[in-house]
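The values are calculated or read from the model by the stated rules, or taken from the named source; none is laboratory data. Treat the numbers as computed from the prediction; the structure is a model and nothing was measured. Reconstructed Cβ throughout: ideal geometry from the backbone, glycine too, with neighbour counts over all protein chains shown.
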Amino acid sequence: MTALLTAMGRLADVLEQENTALAVMDLRRAAASLPEKTAAFDALAAFPPTDDPALASEAQRLVRLAHENRVALRRAIAAQQRVIKIVVRALMTVQAAPAYGASGRVVARGGPMAWSARV
């Protein structure tokens with residue numbers, strides 16, 4: 001029972017750390033917690049199911065933290081998607097500067113060109 005409580009507590013601690021990082025949109029720190037979160041989850045999943053009432057409080061804490069984590073992850077993903085859309089829109093509106101030839105006239109831009117003596 002002590003080992004199970006320890007495993008539950010470890011997962012809860014990792015979820016709290018990740019949730020704190022997500023709350024301030026520190027996505028790098030949140031992503032860095034993934035290996036530890038995975039290991040903590042795997043350790044907990046190794047225990048057989050139980051309905052021991054002594055574990056109810058810690059189980060409720062885990063459920064609450066998991067829910068908060070899901071909400072925070074969705075918020076972070078949505079924010080990243082918005083940023084990506086803004087960048088893509090901005091890139092789509094950028095026009096390339098005209099290219100000038102040796103005579104000083106604007107020349108058409110060609111496609112990709114290989115710079116190799118071998119064919």
Quiz prompt | Enumeration of residues in the stretch 47-61 that are more than 14 Å from residue 12 (Cα to Cα) and touching a residue at least 12 places away in the same chain (Cβ under 8 Å) | solution = 47, 50, 52, 54
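Here is a check on your reading of the model: is residue 68 modelled with pLDDT of 95 or more and either part of a helix (DSSP H, G or I) or exposed (fewer than 10 other Cβ atoms within 10 Å of the Cβ) (or both)?
Values: modelled with pLDDT of 95 or more: yes; either part of a helix (DSSP H, G or I) or exposed (fewer than 10 other Cβ atoms within 10 Å of the Cβ) (or both): yes.
Here the answer is yes, as residue 68 does meet what is asked.
Among the residues of the stretch 18-31, is there at least one that is out of contact with any Gly (no Cβ under 7 Å at 6 or more places or on another chain) and on the phi > 0 side of the Ramachandran plot?
Looking for residues that are out of contact with any Gly (no Cβ under 7 Å at 6 or more places or on another chain) and on the phi > 0 side of the Ramachandran plot, one finds at least one in the stretch 18-31, hence yes.
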Exercise. Kindly indicate the residue of the stretch 47-79 that is more than 15 Å from the chain's Cα centre (by Cα) and small (Gly, Ala, Ser) and also farthest from residue 28 (Cα to Cα) among those meeting that condition.
Key: 54
